[in-house]
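S.K.: Input: one structure, supplied below.
The values are calculated or read from the model by the stated rules, or taken from the named source; none is laboratory data. As the structure is a computational prediction, the values presented were derived from the model and not from experiment. Cβ placement follows ideal geometry from the backbone for every residue including glycine, while neighbour counts extend to all protein chains displayed. Side chains included, ligands, DNA and RNA excluded: accessible areas come from the protein's heavy atoms. Shrake-Rupley method; radii C 1.70, N 1.55, O 1.52, S 1.80 Å.
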Amino acid sequence: DAGITQSPRHKVTETGTPVTLRCHQTENHRYMYWYRQDPGHGLRLIHYSYGVKDTDKGEVSDGYSVSRSKTEDFLLTLESATSSQTSVYFCAISDTGRDTEAFFGQGTRLTVV
Amino acid sequence: GENVEQHPSTLSVQEGDSAVIKCTYSDSASNYFPWYKQELGKGPQLIIDIRSNVGEKKDQRIAVTLNKTAKHFSLHITETQPEDSAVYFCALWRGGGNKLTFGTGTQLKVEL
């Protein structure tokens, strides 16, 4: 299995609170991604990173920010959590960023009450 | 954007039967077509992929076919077994690269 660790694995938080999810990789892959998974929508890209301090938006980026201060870590922050952000969040990594296998973490289940 | 449409959303088959899942896409620049399997409580994992210079690829009981002219690709699972029960996703790297886009998924249930 690719060396990807997501933390925490489960979290319950209250509406309006900030939340940070962490993705840590040991593969030295250049590209890192955050997806959310919701019934009927599959996996939707939130943000991705193509290098240290280099990030770009995905299709559902509103309400989320990311940071990548070193190759191995990619953080996803919900500045003020809302109930619509209740979801399962997956981190993925890719060596080349195109036309090759992406490796996924185990996911973080976030519930906003 | 480069959407990927996936059908059906749910599929129930008897053990030993075949299952087929189809995806259609719009970006003619796409050259790589992967399929991922997601088991309950886990992240998706690549099970097979195909590049645009071939029309079919097989790996034991699973195969993928590609029709670039019609812009669709399909996953075929033969002799289905209970352990094939999972959610299956097709995906595309968007034409310019960097963004991996997924279909909406197919919940496959293999019944005994």
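S.K.: So for the protein assembly as shown, taking the charge dipole from beta-carbon charges (+1 Lys/Arg, -1 Asp/Glu), which of A:Ile93, A:Gly58, B:Ile21 sits furthest toward the positive end?
M.R.: The one lying farthest along the dipole's positive direction is A:Gly58.
S.K.: Per residue, how big is the convex hull of chain B when only Cα atoms are used? Give it in Å³.
M.R.: So the per-residue hull volume is 93 Å³.
S.K.: By the gyration tensor of its Cα atoms, with a ≥ b ≥ c the square roots of the eigenvalues, what is the shape of the protein assembly as shown: rounded for a/c under 1.5, prolate for a/b over b/c, or oblate?
M.R.: prolate
S.K.: Is there a simple number for the mean count of other chain Cβ atoms within 10 Å of the Cβ of residues in A:84-94, and what is it?
M.R.: 1
S.K.: Which whole-number percent is the relative contact order of chain B (Cα, under 8 Å, 6+ apart)?
M.R.: This gives 37 percent for chain B.
S.K.: Treat each spin label as a single point 7 Å out from the Cα along the C-beta direction, and report the B:Asn31 to A:Lys70 distance in nm.
M.R.: Using points 7 Å along Cα→Cβ, the separation is 3.6 nm.
S.K.: In whole Hz and in residue order, list the ³J(HN,Hα) couplings for the range A:31-47 that follow from phi through the Karplus curve 6.51 cos²θ - 1.76 cosθ + 1.60, θ = phi - 60°; x for Gly and Pro.
M.R.: Once rounded to whole Hz, the list reads 9, 9, 9, 10, 10, 10, 10, 9, x, x, 10, x, 9, 10, 6, 9, 8.
S.K.: Non-local amide H neighbours of B:Lys109 (under 5 Å, H modeled in plane, Pro and chain starts lacking H): which ones?
M.R.: B:Leu11, B:Ser12, B:Val13
S.K.: Longer than 32 Å from Cα to Cα, which of A:Lys57/B:Lys71; B:Lys68/B:Lys109; A:Lys70/B:Lys68; B:Lys37/B:Lys68 are they? Say none if no pair is.
M.R.: From the list (A:Lys57/B:Lys71; B:Lys68/B:Lys109; A:Lys70/B:Lys68; B:Lys37/B:Lys68), the Cα-Cα distance tops 32 Å for A:Lys70/B:Lys68.
S.K.: Quick check on packing: order A:11-23, B:69-81 by the mean number of other C-beta atoms within 10 Å, highest mean leading.
M.R.: Going from most to least packed, we get B:69-81, A:11-23.
S.K.: Give me the dipole magnitude in Debye, nearest 20, for the protein assembly as shown about the Cα centre, with unit charges on the beta carbon: positive for Lys and Arg, negative for Asp and Glu.
M.R.: Here the protein assembly as shown has a charge dipole of around 400 debye.
S.K.: Measuring from label point to label point, each 7 Å out along Cα→Cβ, what is the A:Thr86 to A:Asp54 span in nm?
M.R.: It is 3.9 nm.
S.K.: Once you've got the GNM for chain B with C-alpha springs shorter than 10 Å, pick whichever of B:Gly41, B:Gly97, B:Gly16 has the biggest mean-square fluctuation.
M.R.: With Cα springs under 10 Å in chain B, the top fluctuation among B:Gly41, B:Gly97, B:Gly16 is at B:Gly41.
S.K.: Would you work out the relative contact order for chain A, in percent, from Cα pairs under 8 angstrom that are 6 or more residues apart?
M.R.: Over chain A, the number comes to 35 percent.
S.K.: OK, next. How well do other chains shield peptide B:98-107, expressed as the mean number of their Cβ atoms within 10 Å of each residue Cβ?
M.R.: Mean partner-chain Cβ count within 10 Å for B:98-107: 6.
S.K.: Okay, moving on. Considering chain A as a Gaussian network with a 10 Å cut-off on Cα pairs, which listed residue, A:Gly97, A:Gly40, A:Gly51, attains the greatest mean-square fluctuation?
M.R.: Highest fluctuation among the options: A:Gly40.
S.K.: How well do other chains shield peptide B:37-49, expressed as the mean number of their Cβ atoms within 10 Å of each residue Cβ?
M.R.: Partner Cβ neighbours, averaged per residue: 4.
S.K.: Could you list log10 I(q)/I(0) for chain A at q = 0.09, 0.11, 0.22 Å⁻¹, which the Debye formula gives when each Cα is one point scatterer?
M.R.: Once normalised to I(0) and log-transformed, intensities are -0.20, -0.31, -1.24.
S.K.: Turning to a different aspect of this structure: Could you tell me which of A:Tyr35, A:Leu45, A:Leu75 has its Cα farthest along the dipole of chain A towards the positive end, charges placed at Cβ (Lys, Arg +1; Asp, Glu -1), taken about the Cα centre?
M.R.: A:Leu75
S.K.: What FRET efficiency would be calculated for the residue pair A:Thr5, B:Asn67, taking the C-beta separation as r and a Förster radius of 41 Å, to the nearest 0.05?
M.R.: 0.55
S.K.: Which distance in Å, rounded to a whole number, links the C-alpha centroids of the range A:61-80 and the range B:33-81?
M.R.: 32
S.K.: Which order do A:Asp62, A:Asp38 take when ranked by solvent-accessible area (1.4 Å probe, heavy atoms of all protein chains), largest first?
M.R.: Of A:Asp62, A:Asp38, the descending order of accessible area is A:Asp62, A:Asp38.
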